[in-house]
Amino acid sequence: MDIFSSAVLNRVVQDLKSTVRPPFLLNRYFGEVSVSTQEKIFFDVLTGKPRLAPFCSPLVEGQIVQSQGYQTNSFAPAYIKDKRVFEDGKPVRRRAGQPIYGALDPMTNRQLAIAQESEDQLGMLQRRMEWMAAEVLRTGKVTVSGEKYPTTVVDFGRDASLTVVLSGGAKWDQGSATPLADLESWAGLVRTKSGASPIDVIMAQNVWNLFREFDEVKDLLSSQLNLSSRTSIDVGPDAAKLGFTDKGTVGDYHIWIYHDQYVDEDGVTQDFLPDDYILMPAATLEGVQHYGAIKDEAAGMQALDYFSKSWTQPDPAVRFLMLQSAPLVVPYRVNATLSVKVK
């Protein structure tokens, strides 16, 4: 069997999915996956309003009611082409963690290197998708840019009132702030704009540190599993690996700390959810991971979320490994989420 064939490489990456940190926002709010053989991604957004059925006499004809409208949007997503190079001299070198003597044979080392790099490629793709999910939930839009790809803002049309910035005494670093009343008000705003009821409250770490210090919050926390003593990322040994911490419920709301990070193109570590921010997404957001066409005949013109392939060149002797994808996350009920900058 050719372990470097596209079919085997894609299977290798599939098998390695469980070893990559699960993307919290992507999995929780954009769980549906849609793949296409078209270059553009098309998605419909309902534009109707909550209407009342019309009254009439039983002796007259039925009243004609116009159907709900919808708007079809399209977007040609930026392409991802993650390409790695394997020089033929490298397999004979000892890999990290291997004993100084008795190392594996060169071909086995090459296979392990391919598997490791495939996992890293998939991890980078998932982090890019998580980054898009975080941007969409925080701003209602996402900015896509890249080499020879014009910077494009994909605006999903979230109502401007659902992007909140607190000021003055309302900021959560002020003693006059009322965080529980704020949560109720913001949840009501989401219900008004979308009909959805948000239960999840996702906080940056510094926001949680502010939130838990309010007396009204402490009273609720102290009555629930002694949560008031949990002040940092300390829920089990795997909390740092998962990128989020479940803080339980406060009143009607499920509180999460989201502390996952990524390294940007300049090598700077960034938070997916910046300091000072809260997200309130509803479970009925109807988020979808869309994937456009893979522009590679070797992919068999099939609808795929990603495609891996490997090939060699004879002189100089080099093997290449490449992962391709054309992703975009779409919130079909964009008004079912709200973000707040609390300080």
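The values are calculated or read from the model by the stated rules, or taken from the named source; none is laboratory data. As the structure is a prediction and not an experimental result, all values here were calculated from the model. Because the Cβ atoms are built from the backbone with ideal geometry, glycine has one as well, and the counts that use them run over all protein chains shown.
Every residue in segment 307-338 that is among the aromatic types (Phe, Trp, Tyr) and either more than 26 Å from residue 274 (Cβ to Cβ) or over 25 Å from the mean Cα position of the chain (by Cα) (or both), please. Lay out the reasoning, then the answer.
In the first step, residues of segment 307-338 are kept if they are among the aromatic types (Phe, Trp, Tyr); the result is 307, 311, 320, 332.
Residues satisfying the conditions are 307, 311, 320.
Looking at segment 248-279, which of its residues are within 14 Å of the chain's Cα centre (by Cα), in a strand (DSSP E or B) and free of Cβ contacts under 8 Å to residues at least 60 places away in the same chain?
261
Taking segment 1-42 as the region of interest, how many residues are surrounded by 18 or more Cβ atoms within 10 Å (Cβ to Cβ), at pLDDT below 70 and within 30 Å of residue 338 (Cβ to Cβ)?
0
Looking at 295, 341 in this structure, which one is over 18 Å from the mean Cα position of the chain (by Cα) and either among the acidic types (Asp, Glu) or under 20 Å from residue 198 (Cβ atoms) (or both)? Let's see the steps before the verdict.
On the way: 295 fails: either among the acidic types (Asp, Glu) or under 20 Å from residue 198 (Cβ atoms) (or both).
Unique residue meeting the criteria: 341.
Name the single residue that is nearest to residue 285 (Cα to Cα) among those in segment 100-159 being touching a residue at least 24 places away in the same chain (Cβ under 8 Å) and of a type in the set (Phe, Trp, Tyr).
Going through the qualifying residues, I end up with 156.
Among the residues of segment 305-325 satisfying the criterion of being part of a loop (DSSP other than H, G, I, E, B) and touching a strand residue (DSSP E or B) at 6+ places or on another chain (Cβ under 6 Å), which is farthest from residue 86 (Cα to Cα)? Reasoning before the result, please.
Kept after step one, since they are part of a loop (DSSP other than H, G, I, E, B), are these residues of segment 305-325: 305-306, 314-317.
Checking which are touching a strand residue (DSSP E or B) at 6+ places or on another chain (Cβ under 6 Å) leaves us with 305-306.
On the way: 305: 25, 306: 21 Å.
Ranking the candidates gives 305 first.
Which of the residues belonging to segment 203-233 are at pLDDT 80 or above, in contact with a Lys or Arg (Cβ under 9 Å, 6 or more places away or on another chain) and not in a helix (DSSP H, G or I)?
203, 212
Counting only residues that are hydroxyl-bearing (Ser, Thr, Tyr), surrounded by 14 or more Cβ atoms within 10 Å (Cβ to Cβ) and over 23 Å from residue 187 (Cβ atoms), how many does segment 246-276 have?
Within segment 246-276, residues that are hydroxyl-bearing (Ser, Thr, Tyr), surrounded by 14 or more Cβ atoms within 10 Å (Cβ to Cβ) and over 23 Å from residue 187 (Cβ atoms) number 1.
How many residues are β-branched (Val, Ile, Thr), surrounded by fewer than 19 Cβ atoms within 10 Å (Cβ to Cβ) and part of a helix (DSSP H, G or I) if we restrict to segment 122-144?
1
Which one of these is part of a strand (DSSP E or B), farther than 19 Å from residue 178 by Cα and more than 14 Å from the chain's Cα centre (by Cα): 245, 284? Before the answer, list the steps.
Values: 284 fails: part of a strand (DSSP E or B).
Being part of a strand (DSSP E or B), farther than 19 Å from residue 178 by Cα and more than 14 Å from the chain's Cα centre (by Cα) holds for just one of 245, 284, which is 245.
Tell me the residue from 190, 164 that is of a type in the set (A, V, I, L, M, F, W, C) and either part of a helix (DSSP H, G or I) or farther than 28 Å from residue 333 by Cα (or both), please. Give the steps one after another, and end with the answer.
Values: 164 fails: either part of a helix (DSSP H, G or I) or farther than 28 Å from residue 333 by Cα (or both).
So the residue among 190, 164 that is of a type in the set (A, V, I, L, M, F, W, C) and either part of a helix (DSSP H, G or I) or farther than 28 Å from residue 333 by Cα (or both) is 190.
For the subset of segment 280-315 comprising residues that are at positive phi and in contact (Cβ under 8 Å) with a residue 40 or more places away in the chain, which member is surrounded by the most Cβ atoms within 10 Å (Cβ to Cβ)?
The selected residue is 286.
Checking residue 163 against (1) closer than 21 Å to residue 255 by Cα; (2) of a type in the set (Ser, Thr, Tyr); (3) out of contact with any Leu (no Cβ under 9 Å at 6 or more places or on another chain), only one condition comes out false. Which one?
(3)
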